[in-house]
Amino acid sequence: MKLSLGVFYKYCFLISFIVFLINLNDLFIKNEGIMSFVIDGHSLTVEKVVEVARNGAKITLDEEALERIKICRQMLEKKIEAREIMYGVNTGIGEFSEIVLTDEQIKEFQKYLIYNHSAGIGEPLPIEYVRGAMLGRVNVHAHGNSGCRPEITQTLVEMLNKGVTPVVCNKGSVGACGDLSPMSQIALLMMGEGEAFYQGERLPGKVAFERAGIPIPGLKARDGLATINGSNVLTAMSAIHIWEFNRILKMAEIAAAMSLEALLANMKPYDKRLHELRGFPGAIRSAKAIKKCLEGSDLLTGKMKTKVQDAYSMRSTPQVIGAAHDALAYARKQVETELNGVGDNPIFIPEDNLTLTGANFQGTPVSLPMDMAGASITMVCVLSERRLNRLLNPALSQGLPAFLTKGAGMFSGMMLSQYTADMLIVEQRILSNPASIQSIPAAADQEDFVSMGMNTALKNHQILDNAYGILGIEFMAAAQALDFRNFKNGRGVEVARKVIRKYVDFLDVDRPLYNDHNKMKELVKSGEILDAVEAEIGSLEE
């Protein structure tokens with residue numbers, strides 16, 4: 001069949017118009033900062049969790065995942081009709097797992113399950129952590145092994161896309177059987193109860209659903225337990241912490257580069273060949289990143305007189321930050337495995353018509369590596385404080401004025417900044433005691449080993465907050481020290497110094513330092529220094 005020239009041109013125009021609309025839509029999405037992810041149970045990453053939890057990216061449930069959920073539910077309902085004994089469906093839970101429920105009790109059991117597990121305490125968790133937990137739960141359901149009605153999963157999707165976030169107490173979970181207490185406060189909204197944040201207001205759950213136009217699905221057999229029985233809160237928090245920890249390590253490398261330059265460091269310990277001979281990938285990465293920040297510096301040309309060998313705090317930085325990189329890589333692997341796994345109990349396998357009870361809610365696979373990740377950030381901050389000490393101590397600073405002040409005696413310069421950093425360091429050391437070994441038996445010893453992974457996540461939240469302050473103080477001191485030097489700085493170092501000087505002036509005469517400290521903490525937290533440096537010299541991960 002031959003097309004006339006006119007018809008051919010019409011087809012060409014139509015195709016061009018469609019391409020234009022696609023490009024226009026892509027441009028709109030890019031300009032509005034909108035992202036969207038398909039949730040299929042297998043492809044969730046740390047970065048996607050951050051985009052959805054923090055930046056409001058939209059999600060859709062994969063069609064095949066929805067079909068898997070429906071098939072699993074059909075199997076479960078047949079088993080209920082056949083009166084097959086299934087934990088948490090037609091039995092009690094925990095120590096009451098041997099008690100079989102009547103047909104009438106099954107109808108009401110999920111409601112009371114959520115009521116008695118909504119037993120947390122404390123202030124509301126930050127919204128991004130709760131959104132991350134909801135996203136993780138949707139991804140668990142997407143496997144089609146949880147047995148809940150599809151309406152439950154679709155309601156979680158709507159809540160995320162419309163910005164309805166349950167109010168969840170920050171304490172109460174022991175990290176097995178999952179994060180039962182905080183997840184139950186999410187499940188309360190499935191019954192039109194509980195509370196939620198919506199459009200900047202804290203509202204009764206029913207009101208939030210009404211305003212957002214979300215139907216209340218109610219809870220039927222299995223629905224409640226399928227919403228709560230996993231380590232989704234501590235895993236979501238850990239995913240966000242991993243993202244932040246990686247940025248903290250890169251900023252620690254920038255701060256180290258600034259301090260090393262100010263201290264006239266011998267840069268031979270930063271030759272990547274040295275680290276390649278040992279073989280640790282984190283150390284190789286860190287040495288390259290620090291050296292990259294110093295490209296263009298007089299320190300690398302031989303113009304500056306340096307010592308034959310510096311103190312450990314100056315020459316061990318790649319090994320120390322590198323070890324943190326390696327610890328973080330392992331933690332990321334564990335967290336992303338958990339994000340994409342079936343963390344639930346019981347688990348239903350439709351293809352085998354099988355119900356399996358076990359302990360896939362156990363938070364230890366995440367809490368143990370995240371304990372290590374948090375301790376690694378503390379370790380990096382201890383090293384930061386030791387470089388700060390060398391900047392301030394005239395016996396160690398290679399000719400810098402005592403405490404980085406021109407008026408020693410009359411003025412004390414940054415003497416007290418070290419006190420603040422030291423206090424934060426000690427708190428971090430206390431917080432770095434692992435939570436994953438702190439199990440306390442519960443539920444009449446039915447739950448006689450728990451992960452305490454929520455404690456890990458909560459203390460990592462505080463370790464991270466302290467790290468912003470500690471690195472902020474080193475950045476401030478390094479910028480002050482470099483202002484006393486008179487030589488060409490590295491490109492990355494110079495960019496970092498200029499960003500710092502936008503917020504904190506040179507300390508010419510003494511002034512109250514708490515304002516500067518808090519500005520520097522917020523500056524580090526914002527990532528502006530890192531973004532500016534990477535815009536100038538490229539990614540520090542390459």
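The values are calculated or read from the model by the stated rules, or taken from the named source; none is laboratory data. All of these numbers come straight from a predicted model, not from anything done at the bench. Positions of Cβ are backbone-derived with ideal geometry, glycine not excepted, and every protein chain shown enters the neighbour counts. Just so you know, the surface numbers come from the protein's heavy atoms only, side chains and all, with ligands and any DNA or RNA stripped out. Shrake-Rupley method; radii C 1.70, N 1.55, O 1.52, S 1.80 Å.
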Exercise. Separation of the stretch 387-426 and the stretch 174-225 by C-alpha centroid, Å?
Worked result: 51
Problem set entry | Net length gained if the chain between LYS307 and TYR419 were fully extended (0.36 nm per residue, minus Cα distance) | 37.5 nm
Exercise. Amide H neighbours of GLN446 under 5 Å, counting only residues 5+ apart in sequence or on other chains, H built in-plane at 1.01 Å?
Worked result: none
Exercise. For the pair ASP62 and GLU104, how long in nm is the line joining their label points, each one 7 Å along Cα→Cβ?
Worked result: 4.4
Exercise. Taking the Cα-to-Cβ direction at GLU351 and at ALA408 and moving 7 Å from each Cα, how far apart do the two end points lie in nm?
Worked result: 7.4
Exercise. In whole angstrom, how far apart do the alpha carbon centroids of the stretch 274-312 and the stretch 511-542 sit?
Worked result: 22
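How much of the accessible area of the chain, in percent, comes from carbon and sulfur atoms when a 1.4 Å probe is used?
On the way: 13500 of 23860 Å².
Carbon and sulfur: 57 percent of the exposed surface of the chain.
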Exercise. Which ³J(HN,Hα) values, rounded to whole Hz and listed in residue order, are derived for the stretch 515-521 from phi using the Karplus coefficients 6.51, -1.76 and 1.60 in 6.51 cos²θ - 1.76 cosθ + 1.60 with θ = phi - 60°, glycine and proline given as x?
Worked result: 5, 5, 4, 5, 5, 5, 4
Exercise. Amide H of MET86: which non-local residues (sequence gap of 5 or more, or other chain) have their own amide H closer than 5 Å, using H built in the peptide plane?
Worked result: THR91
Exercise. Rounded to the nearest 20 Debye, what is the dipole magnitude of the chain about its Cα centre when Lys and Arg each give +1 and Asp and Glu each give -1 at the C-beta?
Worked result: 2060
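Sum up the charges of everything whose Cβ sits under 11 Å from the Cβ of MET452, counting Lys and Arg as +1 and Asp and Glu as -1, but leave MET452 out. Kindly include the intermediate steps, with their values, before the conclusion.
On the way: positive: LYS459; negative: ASP371.
Net of charged neighbours comes to 0.
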For this session: Pull out the extension gain between ILE430 and LYS272, defined as 0.36 nm times the separation in residues minus the alpha carbon to alpha carbon distance; nm, one decimal.
Result: 53.5 nm
Exercise. Rounded to the nearest 0.05, what FRET efficiency do ASP448 and ILE121 have when you use their Cβ-Cβ distance and R0 = 30 Å?
Worked result: 0.85
Exercise. When only C-alpha pairs under 8 Å and at least 6 residues apart count, what is the relative contact order of the chain, in percent?
Worked result: 16
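Checking the table LYS288/LYS502; LYS303/LYS498; LYS206/LYS333; LYS171/LYS525; LYS406/LYS521; LYS48/LYS459 against a 31 Å threshold on Cα-Cα, which pairs fail? Don't jump to the answer; show the numbers that get you there.
Details: LYS288/LYS502 27 Å; LYS303/LYS498 24 Å; LYS206/LYS333 38 Å; LYS171/LYS525 24 Å; LYS406/LYS521 25 Å; LYS48/LYS459 23 Å.
Pairs exceeding the cut-off: LYS206/LYS333.
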For this session: Report the residues of the stretch 354-376 in range of a label on GLU84: point 7 Å along Cα→C-beta, backbone N strictly under 15 Å from it.
Result: 354-358
Seminar exercise, completed: With bins of 20 Å, the percent of all Cα-Cα pairs of the chain per bin from 0 is 20, 43, 28, 9, 0
Exercise. Among all the lysines, which ones have a C-alpha under 18 Å from LYS79's C-alpha, if same-chain residues fewer than 8 places away are not counted?
Worked result: LYS70, LYS107, LYS220
Exercise. Using 7 Å Cα-to-Cβ label points, what is the THR45/GLU541 separation (nm, one decimal)?
Worked result: 0.7
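Express the relative contact order of the stretch 45-201 as a whole percentage, based on alpha carbon pairs under 8 Å and six or more residues apart in sequence. Don't jump to the answer; show the numbers that get you there.
Details: 190 pairs, mean separation 48.2, N = 157.
With pairs under 8 Å counted, the relative contact order is 31 percent.
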For this session: Report the FRET efficiency, 1/(1 + (r/R0)^6), for LYS70 and GLU528, where r is their Cβ-Cβ distance and R0 is 30 Å, rounded to 0.05.
Result: 0.05
Exercise. Over the stretch 429-481, what is the mean sequence separation of C-alpha contacts under 8 Å (at least six apart), divided by residue count, expressed as relative contact order in percent?
Worked result: 30
Problem set entry | Percent of beta bridges antiparallel (DSSP, the chain, rounded to nearest 5) | 70
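If you stretched the chain out fully between MET35 and ASN55, how much longer would it get, using 0.36 nm times the residue separation minus the C-alpha to C-alpha distance? Don't jump to the answer; show the numbers that get you there.
Working: separation 20, 0.36 × 20 = 7.20 nm, distance 0.88 nm.
Stretched fully, the MET35-ASN55 segment lengthens by 6.3 nm.
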